[in-house]
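Notes for the one structure printed next.
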Amino acid sequence: MDSPDLVVCSFYTADDYYRSHADSLRKNLDGLGVKHELGEIVKAEGEDWADICRKKIAFLADVCERHPSSKVYWTDVDCKFLAFPDYLKDFSADLLGFQRGFGSPLTIGYQRRTRFWEPCFFGINTTPAARKFVADAARLEKTLEIKATDDYFFEESWRANAPEMSFQVVPSVAAIRGADASPTLVQPFFVFGASGNVDEFKGKVVQHGQIDGSSTVSFSTKVRRSGLKVAKKVERSLPDAAVRPLRRVLDTVGFTGALVGQDAVSGSPKRQALVRALLREGQEGAIARVEELALELSSTGVTTTKESAAIEAGRSFAYYAGRDRNDQIPLVWWARPFPGNFGDWLSPLVLSNYTSKGIVFQAPAAAATKPHIVSVGSIGRFIKPNSIVVGTGISSADVDLSKKADFVSVRGPITAALLEDSGGPRVTSYGDPGLLLSRVLPVERGVTNGRLAFVRHFTHVAIPVALPDDVDELSVLMSHPDHIRDFVDALSSYDGVVTSAMHVMIACHSYGIPCVLVTFEGFEATVHGSGIKYADYSRGAGLSREYNPLPVRLDMSAIDLRGLLADERASESKLDEVEAAVREALALHAERVGRA
């Protein structure tokens, strides 16, 4: 049933891309029973993206004028709603929306941003102050002849009207924006599209400055942001044939790593420094020092969810690096999101089973000066000339692989073919080292509990999923070997496993636990890559068929999940092959270090 006291509005241009988004949004809102007005606008000759954006002002003002008794909500047409919660419908403030950049209350307003509101979604109440805010923006847009987008006019009206307005900021965690794995008490309702041309038009349209003229963004962050913009602009200007070798060079020298660096957590500078120190000490294997810093964090303030996750990651780093601080092996794997993703942290777990040496974390995108091992994960892009590769794969074919590295094995024949195309050697040994989990952590699978386990890929953590009554959800976020052991013990106690995480499926294939790999309708592109890694893994593991994700709806409560389970177990001969490759890689590293 439509809600007579609210209307969601948006517009779109007359092209196939935005029309398809409008059709999706229309269907989305109809399914939620939300009244809407989605209008098609004509792009006149000579108009560009900035000109189209500013038309939002007049469009929104017109909708408000025609619906004086209804709350009016704007959304960008390429966004979608998972729900329309009561706190949106019933808000009593003049204005409701996300803070600019989906910021948190700790950086509210203009501390880090030049504008207050995130323009992709906001709600306008029926109050005089709310309607004046929209009307003032519309009058200014109509009379001011400058090159500017809708953001500029809304911000001008906000700065003029804010002292007399009440407002409600929607929690940033209520929006899904890519791979944010942080658990939250707030159920996300909004999926951010971000298909605009903001980067292209920065510097070409009028922008606001910060209220106080200052900035709290660090110099290093400014440099990284500028570098990323330049890198993206250069990449867009190059022919496709030149992009892959350029990426390889930048990845090899560590330029990519420098650009994508980030702080572990937000918060006060002192607490950020404590977390950075804890992670640094953990990566060096200083277990006692990690515990001292963890105690200082907990005893001097409330430990946040992200701080707790970083502490667990620090302990996991320390566990592996501290095994032998005098004789260590650099290993490449994705350590984030903290506390860690099960599949990525299988790399140090598996290798540590075949050596007594310390395992030291090396970030994939960082420069590498010493011989090191690259193993579990779709991190083939970051293989360097001094890498020793065992079981690594790729997530898409738009990369060149370093042909000078030592390749013991790769995940499967698709990676092997790309390596040859890149001018590298022919590799015939296949298999993801995650398959060795049952040998690293032997578990006897006895009588099961009559239920199913559901495990999401970490990029799916925020998606609202409804499960049948006989399904329990387990988290994929872990890194310490004790937690991984508890996890596989739990998996083995279930009749079967439903998962959207490939390495959880690989674990099931290692132990012989019936499972099905799924993805979610509307979120198929959330997991990075083109999808070739699934066929690459399946062929490389010598399985009976290829296991690609099966799209399912978010409401899985009525799906016969048991009927989707497949009973597959990797052969002992394949495990022997993968194990031999791991041992060979370790021996080769010892030889390289000795030679150096």
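Can Val552 be described as within 16 Å of Ile463 (Cα to Cα), free of Cβ contacts under 8 Å to residues at least 60 places away in the same chain and touching a Phe, Trp or Tyr at 6+ places or on another chain (Cβ under 7 Å)? The answer is yes for Val552.
Residues checked against (1) in contact with a helix residue (DSSP H, G or I) (Cβ under 6 Å, 6 or more places away or on another chain); (2) part of a helix (DSSP H, G or I):
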| residue | (1), (2) |
| --- | --- |
| Phe91 | no, no |
| Gly97 | no, no |
| Arg113 | yes, no |
| Ala130 | no, yes |
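Scanning segment 61-89 for residues that are assigned to a loop (DSSP other than H, G, I, E, B) and either more than 22 Å from Thr127 (Cβ to Cβ) or of a type outside the set (S, T, N, Q) (or both) yields His67, Pro68, Asp76, Val77, Asp78, Cys79, Leu82, Ala83, Phe84, Pro85.
Identification of strands (runs of 3 or more DSSP E) wholly contained in segment 478-596 with 1 or more residues that are surrounded by fewer than 20 Cβ atoms within 10 Å (Cβ to Cβ) and either out of contact with any His (no Cβ under 7 Å at 6 or more places or on another chain) or among the aliphatic types (A, V, I, L, M) (or both) yields 515-520, 550-552. Filtering segment 280-304 to residues that are under 30 Å from Thr355 (Cβ atoms) and acidic (Asp, Glu) leaves Glu281, Glu284, Glu291, Glu292. Within segment 495-524, which residues are at pLDDT 95 or above and charged (D, E, K, R)? Scanning segment 495-524 gives a single hit, Asp495. Filtering segment 305-328 to residues that are surrounded by fewer than 24 Cβ atoms within 10 Å (Cβ to Cβ), hydroxyl-bearing (Ser, Thr, Tyr) and under 16 Å from Thr355 (Cα atoms) leaves only Tyr319. Evaluate the following for Tyr12: is it hydroxyl-bearing (Ser, Thr, Tyr), touching a residue at least 40 places away in the same chain (Cβ under 8 Å) and part of a strand (DSSP E or B)? Against the criterion (hydroxyl-bearing (Ser, Thr, Tyr), touching a residue at least 40 places away in the same chain (Cβ under 8 Å) and part of a strand (DSSP E or B)), Tyr12 qualifies. Each residue in segment 135-154 was checked for being surrounded by fewer than 22 Cβ atoms within 10 Å (Cβ to Cβ), at pLDDT 90 or above and under 35 Å from the mean Cα position of the chain (by Cα), and 1 pass.
Listed by first and then second residue, the pairs linking a residue in segment 265-279 that is over 15 Å from Ala313 (Cβ atoms) and crowded, with 20+ Cβ neighbours inside 10 Å to a residue that is aromatic (Phe, Trp, Tyr) and at pLDDT below 95, with Cβ atoms under 8 Å apart and 6 or more places separating them unless they lie on different chains, form an empty list.
In segment 78-105, how many residues are under 22 Å from the mean Cα position of the chain (by Cα) and among the aliphatic types (A, V, I, L, M)? Counting residues in segment 78-105 that are under 22 Å from the mean Cα position of the chain (by Cα) and among the aliphatic types (A, V, I, L, M) gives 2. For segment 15-44, the set of residues classified as surrounded by 14 or more Cβ atoms within 10 Å (Cβ to Cβ), outside any helix (DSSP H, G or I) and under 31 Å from the mean Cα position of the chain (by Cα) consists of Val34, His36, Leu38, listed by residue number. Can you tell me how many residues in segment 59-84 are surrounded by 16 or more Cβ atoms within 10 Å (Cβ to Cβ) and either within 16 Å of Lys142 (Cβ to Cβ) or not polar (S, T, N, Q) (or both)? Count: 18.
All of Val461, Val465, Val497, Val455 fail the test of being β-branched (Val, Ile, Thr) and within 23 Å of Ser571 (Cα to Cα), apart from Val497. Among the residues making up segment 420-438, those that are within 30 Å of the chain's Cα centre (by Cα) and in contact (Cβ under 8 Å) with a residue 24 or more places away in the chain are Tyr430, Gly431, Asp432, Pro433, Gly434, Leu435, Leu436, Leu437, Ser438.
What number of residues within segment 99-111 are at negative phi and not in a strand (DSSP E or B)? Before the answer, list the steps.
Going through segment 99-111, the residues at negative phi turn out to be 99-100, 103-108, 110-111.
When the remaining residues are screened for being not in a strand (DSSP E or B), the result is 100, 103-108, 110-111.
Final tally of qualifying residues: 9.
Are any residues in segment 321-368 under 15 Å from Gly391 (Cβ atoms), assigned to a strand (DSSP E or B) and among the β-branched types (Val, Ile, Thr), and if so, which ones? Hit for segment 321-368 is Val332, nothing else. Identify all residues within segment 115-128 that are crowded, with 20+ Cβ neighbours inside 10 Å and in a loop (DSSP other than H, G, I, E, B); write none if there are none. Passing the criteria: Arg115, Phe116, Asn125. Tally the residues that are in contact with a Leu (Cβ under 8 Å, 6 or more places away or on another chain) and over 21 Å from His528 (Cβ atoms), restricting the search to segment 398-425. Going through segment 398-425 one residue at a time, the tally reaches 6.
The values are calculated or read from the model by the stated rules, or taken from the named source; none is laboratory data. This is a predicted model, so every value here is computed, not measured. Neighbour counts are summed over all protein chains in view; Cβ atoms, including those assigned to glycine, are modelled from backbone coordinates with ideal geometry.
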